[in-house]
Amino acid sequence: MELEPSSLCFLIFTLTTAAVFFLLCHLTATRRHRNPWCTCEVCEMYLTAGWSNHHANICDWYSDLLRRSPTKTVHIHVLGNTITANPDNVEYMLKTRFENFPKGKPFSSILSDFLGHGIFNVDGDLWRFQRKMASLELDGFSIRSFAFETVSFEIEDRLLPLLLSASETETRVLDLQDVFKRFSFDCICKFSFGLDPMCLQLSLPLSEFALSFDLASQLSAERAMEVSPSVWKIKRLLNLGSEKKLRDAIAMIDVLAQEVINQKRRIGYSSVHKDLLSRFMRTVKDDKYLRDIIVSFLLAGRDSVASALTSFFWLIAKHPQVASEICEEANRVIGNRQVKSFEQLRELHYLNAAVYESMRLYPPVQFDSKFCQKDDIFPDGTLIKSGTRVTYHPYAMGRMEEIWGPDCLEFRPGRWLKEGKFCPENPFKYPIFQAGLRVCLGKEMALMEVKTVALSLLRRFRVELAGNVAGLRFSPGLTATISGGLPTKIREISMGAPC
């Protein structure tokens, strides 16, 4: 049925009027927490993207603002967002007054289409239930052994042969970020779902699941950067632009997640199956809930690990002496044998220090936000009004002289060692894995994967940058992703030669 021109015009007028009315209502309702018309220098820099004239990334601009703040806390009026790099404030949010700083409905709504009611996007009883279930599964010796076996197989049978092939052609450029995304996607799918997507075979295109996941992550993160939530909500209502792309990407994720669930039901999920999804499916029967679990596992186990590995090898390529010290330590502690367990990895103190130092400078999750429920006051004296978005910024914290000293911008693993032994820092000073009650449950397994890959590659290959020499530029996303990837040349190290 075709609409008459007059009817079409009336429809457009009605939708536009409704959208404007919705926008004005929302701005009026949220004006108590934000000032969308603020003309201060900081807000003007944000609205006009003037920060990009001086900084490659918005996270670097935030770091500069926080560095110059006496309290290491700033407020972006147009966003209604208080941002802090003060460890005392971080501890106050994540531990002391945990119940007053939940994820909050405003932020949960931003990610609800993508993450649903998964553990990263809920509060209260639902969060406690999921965390208890996840901790029971992830703390067991058998699941850790299964994770180690999965990672070791993927390294030996796929990752190392792929890099060896790349090293045989002197001019070949390999995007390590793409390789690590494929590697971690294979690992998390095998570990979490008992399925093998075989993404690390570069002759195959990246799976539709992985591509849709990347797009949904990027577009969901862009929602949080809008001056008003009503902007993306109107676009979603009208199914326009980025919101149409997000809806299509999530529809694809939903279809493929359901296929994962159906396939598990066909294969079976009895106690002989070691993967995480099988363990959850023995208790949970709700497919929507299982879908949200799948997406949460992928976000934690694929994107964060790939991000950590990518920035680590960018730093290692620029600091080859660190690679040499990692290899020397491994030769001294375990000889020329492969790492066989979690326990052996813990003996490699310098390797651990190098991984922690890399994430200090380039955390996979650059910031995390909560919402203040009741009026509160930070330890630094900052007044936080009810309904204010409050963000702690690990990326900026890694660049604070007051926290890390005058050499805070240097990549120096030795800062983590005392008499050759690794010494962790206060988690509220280094909230890379969050801290307090919401500390990351998969922390040890993520570190195992990063360290096992790092050591396996550094003992066999030298990584040379084919681009990104000056600095890193990040794309929007829930985890840090390098715009343009990490182009490298891979060189095999001769047996007996220093790495």
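The values are calculated or read from the model by the stated rules, or taken from the named source; none is laboratory data. Small disclaimer: the values here were computed from a predicted structure and weren't measured. All Cβ positions, even for glycine, are placed from backbone atoms using ideal geometry, and neighbour counts span all protein chains on display.
Residues checked against (1) assigned by TED's automatic domain parsing to the domain that holds L383; (2) in contact with a His (Cβ under 7 Å, 6 or more places away or on another chain); (3) at pLDDT 95 or above:
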site	(1), (2), (3)
M1	no, no, no
E4	no, no, no
F10	no, no, no
A18	no, no, no
Y46	yes, no, no
K72	yes, no, yes
R97	yes, no, yes
Count - residues of segment 264-277 that are within 25 Å of R144 (Cβ to Cβ), assigned to a helix (DSSP H, G or I) and over 25 Å from the mean Cα position of the chain (by Cα): 2
Any pair with Cβ under 6 angstrom, 6 or more apart, that starts in segment 334-347 at a residue that is closer than 20 Å to F146 by Cα and ends at one that is among the basic types (K, R) and not in a loop (DSSP other than H, G, I, E, B): L345/K451
Given (1) under 20 Å from the mean Cα position of the chain (by Cα); (2) modelled with pLDDT of 90 or more, index of the condition L211 fails: (2)
Residue that is nearest to R389 (Cα to Cα) [pool: residues in segment 34-73 that are of a type in the set (S, T, N, Q) and surrounded by fewer than 14 Cβ atoms within 10 Å (Cβ to Cβ)]: T39
Qualifying position, being more than 25 Å from I490 (Cβ to Cβ) and modelled with pLDDT under 95, among R337, R346, R360, R302: R346
Members of segment 399-428 found to be in contact with a strand residue (DSSP E or B) (Cβ under 9 Å, 6 or more places away or on another chain), crowded, with 18+ Cβ neighbours inside 10 Å and either acidic (D, E) or without any contact (Cβ under 8 Å) to a residue 24 or more places away in the chain (or both), listed by number: P427
R236 vs. criteria within 23 Å of G80 (Cα to Cα), basic (K, R) and either modelled with pLDDT under 85 or surrounded by fewer than 20 Cβ atoms within 10 Å (Cβ to Cβ) (or both): yes
N89, sole failed condition from (1) more than 21 Å from the chain's Cα centre (by Cα); (2) surrounded by fewer than 18 Cβ atoms within 10 Å (Cβ to Cβ); (3) of a type outside the set (K, R): (2)
When residues of segment 429-440 are limited to those that are among the aliphatic types (A, V, I, L, M) and crowded, with 17+ Cβ neighbours inside 10 Å, the one farthest from A85 (Cα to Cα): A435
Subset tally (residues that are surrounded by 14 or more Cβ atoms within 10 Å (Cβ to Cβ) and modelled with pLDDT of 80 or more) for segment 135-152: 8
Count of residues meeting criterion [under 14 Å from H273 (Cα atoms) and among the basic types (K, R)] in segment 182-202: 1
Any hit, segment 235-251, residues being in the same structural domain as P476 (by TED's automatic domain parsing), under 25 Å from I293 (Cα atoms), of a type in the set (V, I, T) and in contact with a helix residue (DSSP H, G or I) (Cβ under 8 Å, 6 or more places away or on another chain): yes
Residue list for segment 233-275, restricted to those being among the hydrophobic types (A, V, I, L, M, F, W, C), closer than 12 Å to D113 by Cβ and in contact (Cβ under 8 Å) with a residue 12 or more places away in the chain: L246, A249, I250, I253
